[in-house]
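**Q** Encoded as structure tokens, here's the structure I'll be asking about.
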Amino acid sequence: MKFFNTYTRSEEEFTPISGNEVRIYTCGPTVYNYAHIGNFRAYIFEDILRRALKYCGYNVMQVMNLTDVDDKTIRDSKAAGTALDAYTKKFKDAFFQDLGTLRIEKAEFYPEATKHIPEMISIIKILLEKGYAYVGEDKSIYFSVAKFANYGKLARIDMENQRAGVRVKTDEYGKDAVADFALWKIWDENDGDVAWESPWGKGRPGWHIECSAMSMKYLGKTFDIHTGGIDNMFPHHEDEIAQSEAANGCRFVNYWLHCEHLIVNGQKMSKSLGNFFTLRDLVSKGYSGREIRWVLMGTHYRKKLNFTLEACAQAKATLQKFNDFLVRLYSVKNSSAQGDSAGEIVRKAADSFKAAMSADLNISEALAAVFELEHEANKLMESGKMGSGGAAAVLGQFKDFDRIFSVFDVAAADAGSIPAEITTLVEERISAKKNRNYARSDEIRKELQAKGWMVEDTPAGPRVKKIA
Ligand code: AMP
Ligand code: ZN
């Protein structure tokens with residue numbers, strides 16, 4: 001497989017550290033509210049990545065953190081008059097429900113920041129010992145970016161210019177340089193009763209340190225892939241690299257993958273701009289999880305995705321069309337139709353699909369392979385050339401697509417298809433008519449009616465329909 005590594009800004013061949021095992025860290029939600037579909041674009045990208053890796057034969061160990069303590073969770077739990085843990089629990093539960101709605105596969109671990117304070121404290125101790133961290137004027141602990149030579153390499157930030165330009169404001173923050181970031185924030189009255197003991201006094205961790213601590217605990221000091229939305233790249237991921245590499249003295253991550261934003265009218269969808277839909281908003285408008293999934297996964301992860309409600313309506317129509325197609329395939333599969341084995345078109349689709357997904361998750365080409373197979377299979381069905389075995393092969397390929405896409409519900413389509421028993425009766429009727437046994441043919445028509453099916457003779461042969 002090949003991935004575009006943000007760190008090197010180039011597409012690279014993917015080689016895991018340890019055989020077939022791929023270890024992935026994904027920055028998860030801040031659980032102070034319902035996630036919006038911009039956030040879910042990132043989680044769907046990560047789900048497609050995870051499923052594509054498994055599809056290509058890798059075992060995946062994925063960690064997604066839950067940020068359940070930060071300025072926003074503290075602020076909003078206070079405003080609601082609820083204890084922090086009770087407040088965030090509600091949004092953690094909602095998050096997992098939403099993942100289910102969108103058919104996002106569960107990660108192996110969902111560690112919570114509040115349950116890993118000792119691990120964070122250990123790293124901060126090491127950073128202080130090694131001289132990368134210092135106690136600020138406000139008694140908080142800060143990371144000194146000037147001490148870490150590679151600072152800015154991921155985001156390609158020119159630290160010289162950065163520091164010169166913004167030094168004026170430094171005093172307000174109680175730290176030496178404005179780019180320095182907090183590892184441990186000393187308690188103040190805004191924090192209410194949210195505080196943990198530490199060697200430096202009562203306080204709470206900074207945001208970045210949680211990801212360094214939890215990735216190390218579950219995935220080791222160096223792991224394969226780190227993902228997130230592009231807005232996480234700076235300063236969050238830059239700071240994660242600085243803390244982890246300074247503390248551990250070794251490389252943090254081999255491949256950085258970032259997904260572009262979901263935008264609305266040219267602007268990033270975000271809570272602060274107020275231009276957001278939650279998943280629940282869309283569900284209440286009548287869209288299903290798989291329809292929304294189709295919209296969110298359909299644009300390559302490194303391109304901006306412009307969200308519109310029309311795209312949701314289009315997704316509904318497209319998936320309905322696929323469903324009708326799968327129902328028809330089941331009808332052919334359940335019949336004794338002799339004909340094309342569909343071997344050629346299925347093989348071509350399978351090869352293109354895998355090649356596309358292996359090439360930095362090229363979703364457009366993967367979708368093209370899916371549409372092409374639908375088109376070719378429809379041609380065979382419409383000309384009466386598709387055999388029962390051919391239909392089974394195409395259905396099998398759609399099940400295979402769904403290992404990554406998870407939108408087609410292939411098996412469920414069987415319920416709408418014509419059952420084998422009915423197809424057998426229809427075929428029997430055809431041969432009765434051929435043998436001029438009209439009495440038998442009429443009898444079969446009645447038998448079919450009794451079972452709830454209507455048969456219509458058309459120039460292209462008999463058509464079977466369920467009686468409404
Ligand atoms: P947050 O809860 O704000 O920390 O964000 C959770 C994840 O969603 C992060 O990986 C963000 O980069 C990502 N994210 C936030 N807004 C958007 C957006 N409009 N489009 C894509 N990803 C986003
Ligand atoms: Zn993170």
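**Q** What whole-number value in Å² describes the accessible area per residue of the chain for a 1.4 Å probe?
**A** On the way: 21040 Å² over 468 residues.
Result: 45 Å² per residue.
**Q** A further question follows. Rounding to the nearest 20 debye, state how big the charge dipole of the chain is about its Cα centre with +1 on each Lys and Arg Cβ and -1 on each Asp and Glu Cβ. List each step's numbers first, then the result.
**A** Values: 63 positive and 64 negative charges, 271 e Å.
With only Lys, Arg, Asp and Glu charged at Cβ, the dipole is about 1300 debye.
**Q** Further, regarding this structure: I need to check one value: relative contact order of segment 2-259, counting alpha carbon pairs closer than 8 Å and at least 6 residues apart, in percent.
**A** Details: 399 pairs, mean separation 61.6, N = 258.
Reported as a whole number, the value is 24 percent.
**Q** Follow-up. Trypsin sites (Lys or Arg not before Pro), restricted to segment 402-468: which are DSSP loop and have at most 10 other Cβ atoms within 10 Å? Don't skip to the answer; put the middle values down first.
**A** Details: sites: Arg403, Arg429, Lys433, Lys434, Arg436, Arg440, Arg445, Lys446, Lys451, Arg463, Lys465, Lys466; in loops: Arg403, Arg436, Lys451.
Listed in order of number, the matching sites are Arg436.
**Q** Relative to the first principal axis of the alpha-carbon coordinates of the chain, what is the inclination of helix 37-55, with its axis defined by its Cα atoms, in degrees from 0 to 90 and to the nearest 10?
**A** Compared with the principal axis, the helix lies near 70 degrees.
**Q** Using a basic spin-label model with each label point 7 Å from the Cα along Cα→Cβ, how many nm lie between Asn190 and Ala83?
**A** 2.4 nm
**Q** Given a Förster radius of 60 Å and the C-beta distance between Lys446 and Asp281 as r, what FRET efficiency does 1/(1 + (r/R0)^6) yield to the nearest 0.05?
**A** 0.70
**Q** Once you list every other residue whose beta carbon is under 12 Å from the beta carbon of Met233, what net charge do they have if Lys and Arg are +1 and Asp and Glu are -1? Mind showing how you got there, number by number?
**A** Values: positive: Arg9, Lys153, Arg156; negative: Asp231, Glu238, Asp239, Glu240, Glu260.
So the environment of Met233 carries a net charge of -2.
**Q** Among Asn5, Val194, Val69, which residue has its Cα furthest toward the positive end of the charge dipole of the chain, with +1 on Lys/Arg Cβ and -1 on Asp/Glu Cβ?
**A** Going by the Cα projections, it comes out as Asn5.
**Q** Angle check, please: helix 207-219 long axis (alpha carbons) against the longest principal axis of the chain (alpha carbons), in degrees 0 to 90, nearest 10.
**A** Helix 207-219 sits at roughly 60 degrees to that axis.
**Q** So if I place +1 on the C-beta of Lys and Arg and -1 on the C-beta of Asp and Glu, and nothing else carries charge, what would the dipole magnitude of segment 235-357 be about its Cα centre? I want it in debye, nearest 20.
**A** Computed charge dipole of segment 235-357: roughly 400 debye.
**Q** Nearest 20 debye, what's the magnitude of the dipole of segment 58-136 about its Cα centre given +1 on Lys and Arg Cβ and -1 on Asp and Glu Cβ?
**A** Working: 11 positive and 12 negative charges, 21 e Å.
Result for segment 58-136 is approximately 100 debye, rounded to the nearest 20.
**Q** Relative to the longest principal axis of the C-alpha atoms of the chain, give the angle of the C-alpha long axis of helix 84-101, reported between 0 and 90° and rounded to the nearest 10°.
**A** Once rounded, the angle reads 30 degrees.
**Q** Right, next: Would you be so kind as to identify which of Met386, Gln320, Leu257 lies farthest towards the positive end of the dipole of the chain, taking Lys and Arg as +1 and Asp and Glu as -1 on Cβ and the Cα centre as origin?
**A** Value: Met386.
**Q** May I pose another question? How about Lys175: which lysines have a C-alpha closer than 26 Å to its C-alpha, ignoring those fewer than 8 places off in the same chain?
**A** Lys72, Lys125, Lys130, Lys139, Lys147, Lys153, Lys185, Lys202
**Q** Okay, moving on. Calculated FRET efficiency, Glu344 and Ile430, Cβ-Cβ r, R0 41 Å, to nearest 0.05? Please list the in-between numbers first.
**A** Values: r = 28 Å, r/R0 = 0.69.
Taking R0 as 41 Å, the efficiency between Glu344 and Ile430 is 0.90.
**Q** Tell me, what % of the accessible area of the chain is carbon and sulfur with a 1.4 angstrom probe? Walk me through the numbers before you get to the answer.
**A** Numbers: 10540 of 21040 Å².
On the chain, the fraction of accessible area on carbon and sulfur atoms equals 50 percent.
**Q** How far apart, in nm, are two points set 7 Å out from the Cα along the Cα-to-Cβ line at Cys250 and at Asp93?
**A** Reported label-point gap for Cys250 and Asp93 is 4.1 nm.
**Q** May I ask you to compute the full-extension gain from Ser122 to Ala155, defined as 0.36 nm times their residue separation minus their alpha-carbon distance, rounded to one decimal in nm?
**A** Extending this stretch completely gives an extra 9.2 nm.
**Q** On to the next question. Counting pairwise Cα distances across the chain, what percent come out greater than 33 angstrom? Display every interim value, and only then the final one.
**A** Values: 52898 of 109278 pairs.
Cα-Cα pairs of the chain separated by over 33 Å account for 48 percent.
**Q** So, one more: How many nm separate the modelled label positions at Ala411 and Lys217, each set 7 Å beyond the Cα in the direction of the Cβ?
**A** Here the modelled spin labels are 3.6 nm apart.
The values are calculated or read from the model by the stated rules, or taken from the named source; none is laboratory data. Fair warning: this is a prediction, and the values are worked out from it, not measured in the lab. When we count neighbours, we look across all protein chains shown, and the Cβ atoms used for this are built from the backbone with ideal geometry, even at glycine. Side chains are part of the model used for accessible areas, which takes the heavy atoms of the whole protein and leaves out ligands, DNA and RNA. Shrake-Rupley method; radii C 1.70, N 1.55, O 1.52, S 1.80 Å.
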